[in-house]
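Heads up, the thing below is written out as structure tokens.
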Amino acid sequence: MRRALAVEKAWDRTRAAGTVTLAHDRRHLRRQVLRDDSGVEFLLDLVHAAHLRDGDGLALDDGRILAVRAAEEDVLDIAGRDAAHTAKLAWHLGNRHLAVQVLDDGRLRIAADHVIAEMLKGLGARVGAAHAPFDPEAGAYHAH
């Protein structure tokens, strides 16, 4: 069985020998048998647990690299009235220890949660349900 021994954060994506797509809650791993997107099993065998991000590479023992992809999940996309309002919304989400992804356009993305959606709407946010890749910030104590 192939083994993935290291996580590559900065690598040449044109070298990808395949992909492995994982949901957010399945991307904090150390040692586990996984299947790549073509259905072939491999053993993820890292020295320390790692949080895998969308775009990371898994270096295989044969020199090839598998690209990690964030799976599409049920999420909420959140927009504030302006940057200050969005920052306040982010504070409320962080105060509840929720995983948050900051999108390129400044919106926030969280895992779908109807209770949190109602709270955000009560705070004046625009909240839209989507099915999209979810790749939240890893936290201050995890390297990107």
Qualifying strands (runs of 3 or more DSSP E) (wholly inside the stretch 27-74; at least 1 residues being open to solvent by 30 Å² or more (accessible area, probe 1.4 Å) and either under 12 Å from V7 (Cα atoms) or charged (D, E, K, R) (or both)): 28-35, 41-51, 65-70
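Conditions tested, residue by residue: (1) farther than 16 Å from A132 by Cβ; (2) surrounded by 14 or more Cβ atoms within 10 Å (Cβ to Cβ); (3) free of Cβ contacts under 8 Å to residues at least 12 places away in the same chain.
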| position | (1), (2), (3) |
| --- | --- |
| A79 | no, yes, no |
| A83 | yes, no, no |
| T86 | yes, yes, no |
| H92 | yes, yes, no |
| V100 | no, yes, no |
| D104 | no, no, yes |
| R107 | no, yes, no |
Pick from the stretch 109-144, criterion part of a helix (DSSP H, G or I) and not aliphatic (A, V, I, L, M), ranking: most open to solvent (accessible area, probe 1.4 Å): H114
Qualifying positions in the stretch 109-140 - free of Cβ contacts under 8 Å to residues at least 40 places away in the same chain and more than 24 Å from T21 (Cα to Cα): H114, V115, E118, M119, K121, G122, L123, A140
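The values are calculated or read from the model by the stated rules, or taken from the named source; none is laboratory data. Predicted model only: the values in this text are computed from it and were never measured. In this analysis, Cβ positions are derived from the backbone assuming ideal geometry, glycine residues included, and neighbour counts consider all displayed protein chains. Heavy atoms of the whole protein, side chains included, go into the accessibility calculation; ligands, DNA and RNA do not. Shrake-Rupley method; radii C 1.70, N 1.55, O 1.52, S 1.80 Å.
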